[in-house]
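Trainee: If you scroll down you'll find the structure; I have some questions about it.
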Amino acid sequence: MDQSTAPVLQALADYHDNDHLPFIPPGHKQGRGVDPRVLDVVGADVFRSDVILMNGLDNRSMGKGVLSQAEKLMAEAVDADHAFFSTCGSSLSVKTCIITVARPGQKLLVSRNAHKSVVAGLIISGVEPVWVHPRWDARWEWAYPPGPDEVADGFARAPDAMGMLLITPTDYGTCAAIKATADVCHERGKPLIVDEAWGANLPFHPDLPSWAMDAGADLCVTSVHKMGAGLEQSSVYHLQGDLVDPRVLSMRADLLDTTSPSSLVYAALDGWRRQMVEHGHELLDRALRLNADVRQRLGELVTVVGREDVVGRGRADDHDPLKIVMDLSDRGVSGYTAADWLREHHRVDVGLADHRRMAAQTTIADDETTADRLVAAIADLVAHLDDLPAAKPVDIPDPGQLELEQAMTPRDAFFAEATHVPAREAVGRVCAETISPYPPGVPAALPGEVITQPVVDYLLSGRAAGMYLPDPTDSDLDTIRVVER
C-alpha cells in the first residue's frame, strides 16, 4: 500500500475544497453556529474539520472506504493483520477485546495491575477474572507485570480460561516478557491480549521495548494520544493470527463504539501513521538522544530510575526510557506535593505522581527548549525542598497483602444490593465499587474483593498524603460501598 497517502485527511481536504453544504450533524455546521467566544479559545478550524463520516467524509454507503483504507494502512505500518480505529480511547478498545475473547460467565486470566477500564470491562461483560498477580519490588514499592511463569500458573489454576490479558508497559515504564507470555498462551491454544496503551510508538524504533505484534500477541490495544501524536481519546487496537476472528471482533466493537465518531480523531490517527512510517525512526532517534541527555542532567538533581534499577530476574523484562521516573523519597517530599509545586510555580505539568515519585514523559514533540525548561523547573524544585511540607507516611501493604480474596465476580458485586459503611468498618466486607488511586488508575480494591485492614490503611493514609481517588462514591473515603450481608 502507498503509505504516503492519508485517506481521512484527503477526504477532509476534499470536503473543504468541494464546498459541501450540510443539512446533517454536527449541528454547528462547520462552526457557523458556534459562539464567537468559543472560537476565540479553541479556533475556528476545530469546528471546520469536525465532519460526520457518513455523507460527509464518505458517501451514504461508505463506498469510498475512507476509514477502512486508513485502518488497512495502519495495520500494514505496524505489522498487524488488522487495525481498528477508536475515538473512545483505549478504555473502550480494551473492553472490546475482552468481550471478543470471552463471553459472560467464561474465565479470562487478567494481570492484577490492570487499569480500571479493564475492571469496567469485566463488570460490563460478566467475564470472570482469574487474577495473575504482578511481581512486587519492595525497594521501589511498585509492581512489575507478571512473568510467563505466573501466567502458566494462572492457566494451571484455570485451564478453562479463554485467554490472558497482560498490561505492558506500566505507567512507570516497566515492561513484560510479551514473547514468552504469548508462547505460554499459544501452547494452550489461547490468545494473548496486550493492553499496550503506553506503547503506540514502539513499532517505529528498534531501541524501544518490544511491540506486541512483533512479540506474538494476538490482540494489542494502544493509546496514540499517550506516546504518539494523536488527539485525546485516539486509540487503535490491532489483531493478528487465527485465534481471534476479525469478524467477531468487529461485531463486538460495534456493540460499544460510538455511532458518531470524531473525524478530528480519525484524521490525527491517519496523519500520525503516515508521519511515523516516513519519519518515525529519525524522530524517535532524536527523542531518545534528547531523553538520554535529560536523564543525565536530572540525575544530578534527583534520583532518576533507570534500566539497571528495574530490569532483571523477578523484575521487569524491559524498560521504556521515555518515561522519566524521579524518586523523591530520599528528599522527604511526596510526588503529589512536587507535582503541584511544579505546576504552580513553573507551569510544568507531570502526569504520574504518587507518594514518593513523579514521572515526566518525553516524546517526538520535545526539543531542547522543552527539555531545558523541565530541567530548570526540577532544579528550582530541589532548591526549594526545604520550603515544602514533608511527605506524610503512607502504609504500603506487603506484597501478599495486596492479593485480596475474590468472593464475588466484579459484575455481581457491582450490581448487588449495597450500603455505605465507615471505611474502617469495611474490613472483612465485600467491596461493591472500584477504588483506584489515579494515576496510574490501578484499583487497590475492586468489586467482589474482600476488603482487608492493610488495604484500608493504605487508602486512608494515601488519601491523607494527597492521593487522588476519582472512583469511589465517597471521594473523601469516609465511607466505602460494600455488598449488603
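Trainee: If residue 343 passes every condition in (1) crowded, with 19+ Cβ neighbours inside 10 Å; (2) in contact with an Asp or Glu (Cβ under 6 Å, 6 or more places away or on another chain) but one, which one does it miss?
Mentor: All conditions pass for residue 343, except number (1).
Trainee: Something else now. Could you tell me which numbered condition residue 458 fails, if it satisfies all but one of (1) in a loop (DSSP other than H, G, I, E, B); (2) open to solvent by 10 Å² or more (accessible area, probe 1.4 Å)?
Mentor: The failed condition is (1).
Trainee: So, one more: Restricting to the stretch 69-119, name every residue that is in a loop (DSSP other than H, G, I, E, B) and among the charged types (D, E, K, R). Write out each step before concluding.
Mentor: Start the filter on the stretch 69-119 by keeping residues that are in a loop (DSSP other than H, G, I, E, B), which leaves 78-81, 87-88, 102-106, 112-115.
Within the stretch 69-119, 79, 81, 103, 112 meet the criteria.
Trainee: Among the residues of the stretch 125-150, write down those that are modelled with pLDDT of 95 or more and either β-branched (Val, Ile, Thr) or assigned to a loop (DSSP other than H, G, I, E, B) (or both).
Mentor: 126, 127, 130, 132, 145, 146, 147, listed by residue number.
Trainee: Given the conditions (1) open to solvent by less than 50 Å² (accessible area, probe 1.4 Å); (2) within 21 Å of residue 438 (Cβ to Cβ); (3) in contact (Cβ under 8 Å) with a residue 24 or more places away in the chain, report the number of the one that residue 141 does not fulfil.
Mentor: (1)
Trainee: Okay, next question. Please verify whether residue 192 is touching a residue at least 40 places away in the same chain (Cβ under 8 Å) and either buried (at least 20 other Cβ atoms within 10 Å of the Cβ) or more than 21 Å from residue 69 (Cα to Cα) (or both), treating the condition exactly as stated.
Mentor: On the way: touching a residue at least 40 places away in the same chain (Cβ under 8 Å): no; either buried (at least 20 other Cβ atoms within 10 Å of the Cβ) or more than 21 Å from residue 69 (Cα to Cα) (or both): yes.
So residue 192 does not fit the description; no.
Trainee: What's the number of the condition residue 32 fails, among (1) open to solvent by less than 60 Å² (accessible area, probe 1.4 Å); (2) farther than 30 Å from residue 241 by Cβ?
Mentor: The single condition residue 32 does not satisfy is (1).
Trainee: Name the residues in the stretch 346-363 that are over 23 Å from residue 228 (Cβ atoms) and surrounded by fewer than 21 Cβ atoms within 10 Å (Cβ to Cβ), would you? Spell out the reasoning first.
Mentor: Step one: list which residues in the stretch 346-363 are over 23 Å from residue 228 (Cβ atoms), which gives 346-347, 354-357.
Correct list: 346, 347.
Trainee: If you scan the stretch 367-401, which residues turn out to be touching a residue at least 40 places away in the same chain (Cβ under 8 Å), assigned to a helix (DSSP H, G or I) and either in contact with a strand residue (DSSP E or B) (Cβ under 7 Å, 6 or more places away or on another chain) or under 23 Å from residue 333 (Cβ atoms) (or both)? Let's see the steps before the verdict.
Mentor: Here is the first cut: in the stretch 367-401, the residues touching a residue at least 40 places away in the same chain (Cβ under 8 Å) are 367-368, 371, 374-375, 378-379, 381-382, 384-385, 388-399, 401.
Applying the additional criterion that residues be assigned to a helix (DSSP H, G or I) yields 368, 371, 374-375, 378-379, 381-382, 385, 399, 401.
Residues satisfying the conditions are 371, 374, 375, 378, 379, 381, 382, 385, 399.
Trainee: Further question on the same structure: Can you tell me how many residues in the stretch 222-239 are open to solvent by 10 Å² or more (accessible area, probe 1.4 Å), of a type outside the set (A, V, I, L, M) and touching a Phe, Trp or Tyr at 6+ places or on another chain (Cβ under 8 Å)?
Mentor: Looking only at that region, the number is 3.
Trainee: Of (1) touching a residue at least 60 places away in the same chain (Cβ under 8 Å); (2) in contact with a helix residue (DSSP H, G or I) (Cβ under 8 Å, 6 or more places away or on another chain); (3) of a type in the set (S, T, N, Q), residue 406 satisfies all except one. Which?
Mentor: Status for residue 406: all satisfied but (2).
Trainee: Here is a further query. Taking residue 315 as the residue in question, decide whether it is touching a Phe, Trp or Tyr at 6+ places or on another chain (Cβ under 6 Å) and among the charged types (D, E, K, R).
Mentor: Numbers: touching a Phe, Trp or Tyr at 6+ places or on another chain (Cβ under 6 Å): yes; among the charged types (D, E, K, R): yes.
So residue 315 fits the description; yes.
Trainee: From the list 309, 257, 285, 207, exactly one residue is open to solvent by 10 Å² or more (accessible area, probe 1.4 Å), closer than 27 Å to residue 99 by Cβ and touching a residue at least 12 places away in the same chain (Cβ under 8 Å). Which is it?
Mentor: 257
Trainee: Which one of the conditions (1) assigned to a helix (DSSP H, G or I); (2) of a type outside the set (Val, Ile, Thr); (3) under 21 Å from residue 271 (Cβ atoms) does residue 37 fail to meet, given that it meets all the rest?
Mentor: Answer for residue 37: the failing condition is (3).
The values are calculated or read from the model by the stated rules, or taken from the named source; none is laboratory data. For clarity, every value in this text was computed on a predicted model and none was experimentally measured. Note: ideal-geometry Cβ built from the backbone for every residue, glycine included; neighbour counts use all protein chains shown. The protein model used for the area step is the full one, side chains on, heavy atoms only, and it has no ligands, DNA or RNA in it. Shrake-Rupley method; radii C 1.70, N 1.55, O 1.52, S 1.80 Å.
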